[in-house]
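Presented below is the structure to which this report refers.
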Amino acid sequence: MRVSTTDLQNAFGKYLSLVEKEDIIVVKNGKSVAKLVHYIEPDFYVVREEAHSYKPVRKISYDEYLDLVESSDQRYELIDGVVYLLASPGFKHQVVVNEIAGQFYNYFKGKPCRSITAPLDIRLFGHATKFEEDPNVVQPDIVVICDEEKVNEKGRYVGVPTLVVEVLSPSTKGKDLATKLHLYMRSGVSEYWVIDPDKKSITRYSFDEERDIQSMDIFGEGAVISSVVFNGLELRLDEIFTS
């Protein structure tokens, strides 16, 4: 239905009732300027990262996730049908990300693999045979990809990172240490680093071809962490945790 701005102003309540049945196109000076559409309250929750408990009503589809992302300026992740609203990272978090990203850049420069920092959507699908069967979308702090040909024409990466790095925040510990660990493991990621700025430590996981944990090592303050996958990739923790 098309209505003029004058009619809309004079009978707004009427058109609010009609919008439940069809969209209302608002016309001004002969041109369409706005559209009223019926709003349906979603029957799922968006989990804030700082939430300590939640009770999602149902899992949502990838299409519903896309609708949410495209209608908002916020950043979200979709894991096992649950949508997480990403909190803004703090200063300490970003300092650590920058230190690691800088050293990764120097190591991978001129090599076939590439390190990328967030925000970048990473599409994973666990043990499923294709993304549509188990859609998951995450934005790790840093990823190393060795299959750049899997960046599609829209600039989106649809492969499996070789190495993933997550820097913990107080609001993300549970998700990074459990939910994401399980997702990365079952999706075929080879190596996962979990950085704890408060403890000034790094937990390094490596996964085998059967997508199970092959090793788990914790590196404390003053130690040197080396990659399991990339020969010669070493970082001194006292250079990462500069404050």
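The values are calculated or read from the model by the stated rules, or taken from the named source; none is laboratory data. Bear in mind that the values here come from a model prediction, so they are computed numbers and not experimental data. All Cβ positions, glycine included, derive from the backbone under ideal geometry; neighbour counts span all protein chains shown. Areas reflect the complete protein model, heavy atoms only, side chains present, ligands, DNA and RNA absent. Shrake-Rupley method; radii C 1.70, N 1.55, O 1.52, S 1.80 Å.
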The one condition ASP196 fails out of (1) open to solvent by less than 30 Å² (accessible area, probe 1.4 Å); (2) in contact with a helix residue (DSSP H, G or I) (Cβ under 7 Å, 6 or more places away or on another chain) is (2)
Please tell me if TYR205 is open to solvent by 20 Å² or more (accessible area, probe 1.4 Å), free of Cβ contacts under 8 Å to residues at least 24 places away in the same chain and touching a Ser or Thr at 6+ places or on another chain (Cβ under 8 Å). no
If we keep only residues of the stretch 12-46 that are at pLDDT below 75, of a type in the set (A, V, I, L, M) and more than 26 Å from GLN74 (Cβ to Cβ), then the residue most open to solvent (accessible area, probe 1.4 Å) is LEU16
What is the number of the single condition among (1) assigned to a strand (DSSP E or B); (2) within 17 Å of GLU99 (Cα to Cα) that LYS199 does not meet? (1)
Residue list for the stretch 174-191, restricted to those being in a loop (DSSP other than H, G, I, E, B) and either closer than 28 Å to GLY90 by Cβ or of a type in the set (S, T, N, Q) (or both): VAL189, SER190
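Could you say whether any residue in the stretch 154-173 is among the basic types (Lys, Arg), part of a loop (DSSP other than H, G, I, E, B), out of contact with any Pro (no Cβ under 8 Å at 6 or more places or on another chain) and at pLDDT below 90?
Residues of the stretch 154-173 that are among the basic types (Lys, Arg), as a first pass: 154, 156, 173.
If we keep only those that are part of a loop (DSSP other than H, G, I, E, B) too, we end up with 154, 156.
Remaining after also requiring out of contact with any Pro (no Cβ under 8 Å at 6 or more places or on another chain): 154, 156.
So of that shortlist, the ones also at pLDDT below 90 come out as 154, 156.
There is at least one residue in the stretch 154-173 that is among the basic types (Lys, Arg), part of a loop (DSSP other than H, G, I, E, B), out of contact with any Pro (no Cβ under 8 Å at 6 or more places or on another chain) and at pLDDT below 90.
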Collect the residues in the stretch 52-64 that are modelled with pLDDT of 85 or more and open to solvent by 90 Å² or more (accessible area, probe 1.4 Å), keeping them in residue-number order. ASP63
So which residues in the stretch 65-93 are buried (at least 16 other Cβ atoms within 10 Å of the Cβ) and part of a helix (DSSP H, G or I), if there are any at all? TYR65, LEU68, VAL69, HIS93
Residue count, the stretch 149-182, condition surrounded by fewer than 16 Cβ atoms within 10 Å (Cβ to Cβ) and touching a Lys or Arg at 6+ places or on another chain (Cβ under 6 Å), comes to 1
